[in-house]
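Peer 1: I have a structure I would like to understand better, so I am pasting it below and will then ask my questions one at a time.
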Amino acid sequence: MSGKHIQRANGDNAAADHVVIESPAKSDGAALWRIARDSQKLDLNSSYAYLLWCHDFADTSVVARVDGVAVGFVIGYRRQSKQDAAVVWQVAVDDSQRGRGLAGRMLDTLFEGLVRRGVRYLETTITPDNDASIRLFRSFAKRWDAELETAELFAAADFPDEHEAEHIYRIGPLAGA
């Protein structure tokens, strides 16, 4: 998807908000870090990590813009050991765009391109109390008519700090876009 621009009108407010979903550029790193920080819900990675995501993982990530301003992102990667799967690391939407289906549209846009390049499974981890993320990924599986499997990946005791267990969600196989 590198360099590919996909424009989608924003549902109810199409006249007011024109959303462009595209691969991120290195220059988007600071904006993605701010969106994650301002969410006050995500585990915040270092600002350096977001620069790396935008630079090194642009083919497995997207950024959503309204009037040229980043308002959301999905960052992910492909494991070398599982080339048929893409792992979603984080999904974030700015408060100004929440409740408009942007997270789902970003996931769909990203995976439409990844499926064409051989990806058949989406994987992500979610804590058991993160109802919004659970709904997002269940909805994705339903839209893509794909099976969803879950299992505990990391127990709370595996973490050196006060982190909840993380469950893996595996969705697929994903049919052609």
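The values are calculated or read from the model by the stated rules, or taken from the named source; none is laboratory data. It should be emphasised that the depicted structure is a prediction, and the values quoted were computed from it without experimental measurement. With ideal geometry, Cβ positions are generated from the backbone for all residues, glycine too; neighbour counts draw on all protein chains shown. Remember, those area values only see protein heavy atoms, side chains included, never the ligands or the DNA or RNA. Shrake-Rupley method; radii C 1.70, N 1.55, O 1.52, S 1.80 Å.
Peer 1: Counting pairwise Cα distances across the stretch 65-116, what percent come out greater than 14 angstrom? List each step's numbers first, then the result.
Peer 2: Details: 742 of 1326 pairs.
The share of Cα pairs beyond 14 Å in the stretch 65-116 comes to 56 percent.
Peer 1: Counting only protein heavy atoms, what percent of the accessible surface of the stretch 77-177 is carbon or sulfur at a 1.4 Å probe?
Peer 2: Details: 2600 of 5470 Å².
Accessible surface attributable to carbon and sulfur in the stretch 77-177 totals 48 percent.
Peer 1: For the chain, what are the DSSP H helices with axial Cα length of 15 Å or more and mean Kyte-Doolittle hydropathy of at least -0.5? Please list the in-between numbers first.
Peer 2: Numbers: long enough: 29-39 (16 Å, -0.08); 102-116 (22 Å, 0.56); 131-143 (18 Å, -0.38).
Qualifying helices: 29-39, 102-116, 131-143.
Peer 1: Can you check what the net charge comes to around ALA31, using other residues whose Cβ is under 15 Å from the Cβ of ALA31 (Lys, Arg +1; Asp, Glu -1)?
Peer 2: On the way: positive: LYS26, ARG34, ARG37, ARG65; negative: GLU22, ASP28, ASP38, ASP67, ASP94, ASP95.
Local charge sum for ALA31: -2.
Peer 1: A follow-up question, please. Between rounded, prolate and oblate, where does the stretch 78-177 land on the alpha carbon gyration tensor, with a ≥ b ≥ c its root eigenvalues, rounded for a/c under 1.5, else prolate if a/b exceeds b/c? List each step's numbers first, then the result.
Peer 2: On the way: a/c = 1.89, a/b = 1.22, b/c = 1.55.
It comes out oblate by the Cα gyration axes.
Peer 1: State the volume of the convex hull built on the alpha-carbon positions of the chain, expressed per residue in Å³ and rounded to an integer. List each step's numbers first, then the result.
Peer 2: Working: hull volume 20.8 nm³, N = 177.
Spread over its residues, the Cα hull of the chain gives 118 Å³ apiece.
Peer 1: Return the single residue from VAL69, VAL20, VAL93 with maximal mean-square fluctuation; model: Gaussian network over the chain, springs between Cα atoms under 10 Å.
Peer 2: VAL69
Peer 1: Taking springs between alpha-carbon atoms closer than 10 angstrom, which of SER46, SER96, SER81 fluctuates most in the Gaussian network model of the chain?
Peer 2: Answer for the Gaussian network model of the chain: SER81.
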